[in-house]
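Novice: This is the structure I want to talk about, given as structure tokens.
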Amino acid sequence: MTYLSYMGTKVALADDIGRELASLSAGSLLDLFSGMSAIGRAVAGSRNVWINDTQAFSQIVGEFQFLSGDCCKSPTVYFRKVLRAFRRHFESVSREYRKELQFETDVLRSNNWIALTDLEARLLSRLPPIDKQADPKWKKGLMPYRLFVGIYAGTYFGLSQCIEIDALRCAIDEVAPTCRPEMRSVRLWMLVALGAALARCSNSTGHFAQYLSCSESNSHRVLAKRRRSIAEEWVKRLRLVAPVGDPEWRSGNKAFGRDACELLADQSVDLSKLAVIYADPPYTDDQYSRFYHLLDTMVLYDFPVVSGKGRYR
């Protein structure tokens, strides 16, 4: 068995690593810290892949790419059901925030960044201190599907965008609930696309470590991001995300969401089937949690207690 460890950005190194792996003995590859699965894609078809990551969004990205069925080939029936459920929830919550939504719409049309900062200051003030967030009464006010509206409106996303996110999570749970294993691939497909839509619309510098506070110097960028529709971006991403390889090859892959050391020590996992273990661990304690935390919250939808300007889990 061969162990490889590389430093640097995996996406940039993926092709080089794939060529290096091709020279090694045949057999399955375990990517211990798979992230967005760049290494798995680099070896797709040439050897089977076992992906592992403790981050919830990274784990479902890997599972969708390397284990799911061909759910995207005939998506119309699921897509229509989700859109109906989305519109129902979006309209219901929008009525609760009618005045704020109208004000936000007027601000975005007028390019009035000062008015936008005033609105977002009001939205941000609604988040109570950490000790109050744990209060069941406060959390109950965010249920069943008002998590992003209650925690993130005015940060990485605008109010309307947060209602869209909550409405899509509601619709996905309704059409492809976790209790129906046969809907697993459809659910993963929709959640991965939603994560991509969040990344496309987020008011940040390309990750979720921190959002941009609107100012005169960056107002053009912030206002442009606020005008994007999460739902429209989600529809676009649904057409772009797809499983890797063919169904026969994917049937030989595995996905884990484990601590790397615990996975390697688990005697119920037959490591003798592996030819290569690829280890590219995080380089600091907070890198993954800061960059992925909001995507993990979207997947888990667990009403976390958050802190700091970045509203970390």
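Novice: Determine which member of the set Ile151, Ile230 is among the β-branched types (Val, Ile, Thr) and within 15 Å of the chain's Cα centre (by Cα).
Specialist: Of the residues listed, the single one that is among the β-branched types (Val, Ile, Thr) and within 15 Å of the chain's Cα centre (by Cα) is Ile230.
Novice: Within the range 230-249, restricting attention to residues that are touching a Gly at 6+ places or on another chain (Cβ under 8 Å) and in a helix (DSSP H, G or I), which residue is least open to solvent (accessible area, probe 1.4 Å)?
Specialist: Trp249
Novice: Let me ask something additional. For residues in the range 184-207 being open to solvent by 10 Å² or more (accessible area, probe 1.4 Å) and not basic (Lys, Arg), which is farthest from Tyr292 (Cα to Cα)?
Specialist: Of everything passing the filter in the range 184-207, Ser185 is farthest from Tyr292 (Cα to Cα).
Novice: Another question about this same structure. Between a first residue in the range 257-274 that is touching a residue at least 60 places away in the same chain (Cβ under 8 Å) and a second residue that is open to solvent by 90 Å² or more (accessible area, probe 1.4 Å) and aliphatic (A, V, I, L, M), which pairs have beta carbons less than 7 Å apart while being 6 or more apart in sequence or on different chains?
Specialist: That search, which allows pairs on different chains as well, returns Leu274/Met1.
Novice: Search the range 52-80 for residues being assigned to a helix (DSSP H, G or I) and in contact with a strand residue (DSSP E or B) (Cβ under 6 Å, 6 or more places away or on another chain), and hand back the single one that is surrounded by the fewest Cβ atoms within 10 Å (Cβ to Cβ). Talk me through it step by step, then tell me what you get.
Specialist: First, the residues of the range 52-80 that are assigned to a helix (DSSP H, G or I): 56-67, 76-80.
Next, only the ones that are in contact with a strand residue (DSSP E or B) (Cβ under 6 Å, 6 or more places away or on another chain) stay: 62-63, 66-67.
On the way: Gly62: 30, Glu63: 24, Phe66: 26, Leu67: 20.
Among residues in the range 52-80 that are assigned to a helix (DSSP H, G or I) and in contact with a strand residue (DSSP E or B) (Cβ under 6 Å, 6 or more places away or on another chain), the one surrounded by the fewest Cβ atoms within 10 Å (Cβ to Cβ) is Leu67.
Novice: Then there is this: Are there any pairs with C-beta distances below 8 angstrom linking a residue in the range 112-137 that is within 13 Å of Leu159 (Cβ to Cβ) to a residue that is aromatic (Phe, Trp, Tyr), with the two at least 6 apart or on different chains, and if so which?
Specialist: Correct list of pairs: Leu119/Phe103.
Novice: Sticking with this structure for a sec: Filter the range 25-44 down to the residues that are assigned to a loop (DSSP other than H, G, I, E, B), farther than 13 Å from Ala14 by Cβ and out of contact with any helix residue (DSSP H, G or I) (no Cβ under 6 Å at 6 or more places or on another chain), then identify the one that is least open to solvent (accessible area, probe 1.4 Å). Don't jump to the end; show me each part of the working.
Specialist: If we filter the range 25-44 for residues that are assigned to a loop (DSSP other than H, G, I, E, B), which is where we start, we get 25-27, 32-37, 44.
From what's left, farther than 13 Å from Ala14 by Cβ: 25-27, 32-33.
When the remaining residues are screened for being out of contact with any helix residue (DSSP H, G or I) (no Cβ under 6 Å at 6 or more places or on another chain), the result is 25-27, 33.
Values: Ser25: 71, Ala26: 98, Gly27: 27, Phe33: 47 Å².
Taking the candidates together, the pick is Gly27.
Novice: Here are the criteria: (1) within 26 Å of Met183 (Cβ to Cβ); (2) surrounded by 14 or more Cβ atoms within 10 Å (Cβ to Cβ); (3) of a type outside the set (A, V, I, L, M, F, W, C). Tell me which single one Ser94 does not satisfy.
Specialist: The single condition Ser94 does not satisfy is (1).
Novice: Moving to a separate point now. When you scan the range 182-227, how many residues do you find that are farther than 30 Å from Tyr78 by Cα and assigned to a helix (DSSP H, G or I)?
Specialist: The total comes to 6.
Novice: Which condition breaks for Pro177 when tested against (1) open to solvent by 10 Å² or more (accessible area, probe 1.4 Å); (2) assigned to a helix (DSSP H, G or I); (3) modelled with pLDDT of 90 or more?
Specialist: Result: Pro177 passes all but (2).
Novice: From (1) at negative phi; (2) surrounded by fewer than 18 Cβ atoms within 10 Å (Cβ to Cβ), pick out the condition that doesn't hold for Gly308.
Specialist: (1)
Novice: Output the residue which, of all residues in the range 214-229 that are among the polar types (S, T, N, Q), closer than 20 Å to Ala121 by Cβ and touching a residue at least 40 places away in the same chain (Cβ under 8 Å), is most open to solvent (accessible area, probe 1.4 Å).
Specialist: Applying the filter and picking the extreme gives Ser215.
Novice: Would you confirm, using the coordinates I've provided, whether Gln102 is touching a Phe, Trp or Tyr at 6+ places or on another chain (Cβ under 7 Å), of a type outside the set (Ser, Thr, Tyr) and at negative phi?
Specialist: No, not satisfied.
Novice: Still on this structure, please answer the following. Considering only the range 156-170, I want to know if a residue exists there that is open to solvent by 50 Å² or more (accessible area, probe 1.4 Å) and of a type outside the set (Phe, Trp, Tyr).
Specialist: No, the range 156-170 contains no residue that is open to solvent by 50 Å² or more (accessible area, probe 1.4 Å) and of a type outside the set (Phe, Trp, Tyr).
Novice: Given (1) assigned to a helix (DSSP H, G or I); (2) within 23 Å of the chain's Cα centre (by Cα), identify the lone condition not met by Met143.
Specialist: (1)
Novice: Only one residue in Leu21, Leu83, Leu13 is out of contact with any helix residue (DSSP H, G or I) (no Cβ under 6 Å at 6 or more places or on another chain), at pLDDT below 90, open to solvent by less than 80 Å² (accessible area, probe 1.4 Å) and in a helix (DSSP H, G or I), so which one is that?
Specialist: The unique qualifying residue is Leu13.
Novice: Provide a single number: the residues in the range 97-152 that are surrounded by 14 or more Cβ atoms within 10 Å (Cβ to Cβ), more than 19 Å from Ser204 (Cβ to Cβ) and in contact with a Pro (Cβ under 9 Å, 6 or more places away or on another chain).
Specialist: Residues in the range 97-152 being surrounded by 14 or more Cβ atoms within 10 Å (Cβ to Cβ), more than 19 Å from Ser204 (Cβ to Cβ) and in contact with a Pro (Cβ under 9 Å, 6 or more places away or on another chain): 2 in total.
The values are calculated or read from the model by the stated rules, or taken from the named source; none is laboratory data. Predicted model only: the values in this text are computed from it and were never measured. Don't worry about glycine lacking a Cβ; one is built from the backbone with ideal geometry, like all the others, and counts go over all protein chains shown. We work out accessible area using only protein heavy atoms, side chains counted, and drop any ligands, DNA or RNA first. Shrake-Rupley method; radii C 1.70, N 1.55, O 1.52, S 1.80 Å.
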